[in-house]
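Worksheet: one structure, shown below.
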Amino acid sequence: MDDWHDAQPLKVQPNLPDCLPDLELTNLSVGDTTVGLRFWRDGEQTQWEVTHLDGELEVYT
């Protein structure tokens, strides 16, 4: 059985404004999980990545 099926979901829909080219969130608590997320602008798009994950969490867009 895959562990990610039991993970709590976290949906991200990042859209950084022009005046904020990047943003990093650290030690964000989601249930029993701690996560770090980094967002940055790439042209007109906002990209993101998980920088830290302690627990079970499925991060998706």
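The values are calculated or read from the model by the stated rules, or taken from the named source; none is laboratory data. None of the values given here were measured: they were computed from a predicted structure. Counting neighbours? That spans all protein chains shown, and the Cβs are built from the backbone with ideal geometry, glycine included. These area figures cover heavy atoms from the full protein model, side chains too; ligands, DNA and RNA do not enter into them. Shrake-Rupley method; radii C 1.70, N 1.55, O 1.52, S 1.80 Å.
Descriptive notes on the structure:
- Among the residues of segment 1-12, those identified as out of contact with any strand residue (DSSP E or B) (no Cβ under 9 Å at 6 or more places or on another chain) and either open to solvent by 90 Å² or more (accessible area, probe 1.4 Å) or modelled with pLDDT of 85 or more (or both) are M1, D3, D6.
- Of all residues in segment 20-31, those satisfying the criterion of being open to solvent by less than 70 Å² (accessible area, probe 1.4 Å) and closer than 16 Å to Q8 by Cβ are L28, V30, G31.
- Residues (farther than 25 Å from C19 by Cβ and touching a Leu at 6+ places or on another chain (Cβ under 6 Å)) located in segment 36-58: L57
- Comparison of T51, T34, T46 shows that the only residue that is under 14 Å from the mean Cα position of the chain (by Cα), exposed (fewer than 13 other Cβ atoms within 10 Å of the Cβ) and not acidic (D, E) is T51.
- Of the strands (runs of 3 or more DSSP E) entirely within the chain, those holding at least 1 residues that are without any contact (Cβ under 8 Å) to a residue 40 or more places away in the chain occupy 22-30, 33-42, 45-54.
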